[in-house]
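The values are calculated or read from the model by the stated rules, or taken from the named source; none is laboratory data. Just so you know, these numbers come straight off a predicted model, no measurement behind them. We place every Cβ from the backbone using ideal geometry, glycine too, and count neighbours over all the protein chains shown.
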Amino acid sequence: MFSMLFLLIALGQLVLLGLFVRAVVTRRQWADVIPLVLTGLLAYENAVLGLGRWIGEGDLLADLNAPRFIGHALLTPLLILWGFALLRRQQVAWTLRTPAVVSVVLITAGLVAYGVTHDIVHLDLVPEQWQDTLRYANDNAPAGPPLTAILTGLALIVAGAQLWIESRALGLVVAASVMATVAGLAGFFPVLGNLGELVLMAGILSAIYVEASAQRVRKAVVSKRAQQVGWITWPVFFVGSLMTFVPMFGTMDPADDLPVSQLQYDVASASQGAWLVLMVLHAHFAISVFGLARNGSRLRKFHVWFGYANLFLCFGGQLLFIFPQTATLGSRATELVFITITVHVVLGAIFAARRRRSRKKRAPRVPREPALQP
């Protein structure tokens, strides 16, 4: 009976493994490789436990059991790093600090060293019968509850609680709570630990898909914010450039001697500060959405990269104003930026028109009711 239960758990882990592979290929988050590899190990472990009675006691079964201990010692603590990476992607403040990063790495390394010492260096396999199953256990295993499993479960409870706050998803926090609870009972009823691991990996997988869905929603919101900030930035930049360089309003160009009023100077300075801030925001939103802009048409890629180049050109032009010897060159650079940003805005208007046409095509048409005949 229990041998078949272990085999069913192995089948469940294989299903989760396929879903993890899909998630890793889709999301391309390095941290997701950790639960993927661990799920493969758990599928292998449960298959060995389920088949042990038919393989029989001997060197073959002992050799098949050894990877279980090696894998748990090296991989299970790494789930703490996965949970920490999840919190960092959620922009939890304390996870962004260097002491937090160092502490998590040290705790993970300590648990790995603890597992290597007991389950690899001092591994002593002895046959063990439980119910209708046959396995090999570590005769040098430390007494008491499994420290690594419990601490890992507690760390994932923290990560799951944060995901619950952000996305109202309870899967990870419930699964980690189950694992942390049953880990202490696995010594008396081993199959509980394996069922808890199945629940935990399912909870981790649900967290990955919930986070991916939330990221898609956030990406759409951020994309809209990038467009809005972009449309605001250009008029502010236009006013600042007009006040600074057009002779009919006076000029602050050091190469000219035309007078400039204090009001004009204040408006120009405020406009320059405002459009620099807005441009940084626009660039941040664009990088969050498009990244390196590997996808899309050539025109879209050019639009994105052209915008990134404008950011460096803007700041380069402003830095040139710091030194009197390069102030004139800074004026020329800013005039060039006015032209390049105008081109960038025109391209943005083209894409905005395309989006409107696309939305109109997707909008469902409501059929007209036939006119009543007199």
key: In the stretch 55-65, the residues that are part of a helix (DSSP H, G or I), surrounded by fewer than 19 Cβ atoms within 10 Å (Cβ to Cβ) and either touching a residue at least 40 places away in the same chain (Cβ under 8 Å) or small (Gly, Ala, Ser) (or both)   = Ile55, Ala62
request  = Tell me which residues, restricted to the stretch 321-336, are within 25 Å of Trp305 (Cα to Cα) and modelled with pLDDT of 75 or more.
outcome  = Leu329, Arg332, Ala333, Leu336
query = Taking the stretch 306-335, which residues are over 19 Å from Gly230 (Cβ atoms) and of a type in the set (A, V, I, L, M)?
reply = Leu319, Leu320, Ile322, Ala327, Leu329, Ala333
ask   = Does the stretch 75-94 contain at least one residue that is touching a Lys or Arg at 6+ places or on another chain (Cβ under 7 Å) and either among the aliphatic types (A, V, I, L, M) or crowded, with 19+ Cβ neighbours inside 10 Å (or both)?
value = no
message = Kindly evaluate Trp164 against the criterion of being of a type in the set (Phe, Trp, Tyr) and at pLDDT below 90.
response = yes
request  = Determine if the stretch 130-149 includes at least one residue that is among the β-branched types (Val, Ile, Thr) and part of a helix (DSSP H, G or I).
outcome  = yes
inquiry  = When you check Val173 against the structure, is it in a helix (DSSP H, G or I) and modelled with pLDDT under 75, yes or no?
reply    = no
Set Asp139, Asp132: member being more than 23 Å from the chain's Cα centre (by Cα), without any contact (Cβ under 8 Å) to a residue 40 or more places away in the chain and either surrounded by fewer than 18 Cβ atoms within 10 Å (Cβ to Cβ) or over 26 Å from Asp32 (Cα atoms) (or both) = Asp139
inquiry  = Checking the structure you have, find out if any residue of the stretch 27-48 is assigned to a loop (DSSP other than H, G, I, E, B), over 30 Å from Met1 (Cβ atoms) and in contact (Cβ under 8 Å) with a residue 12 or more places away in the chain.
reply    = yes
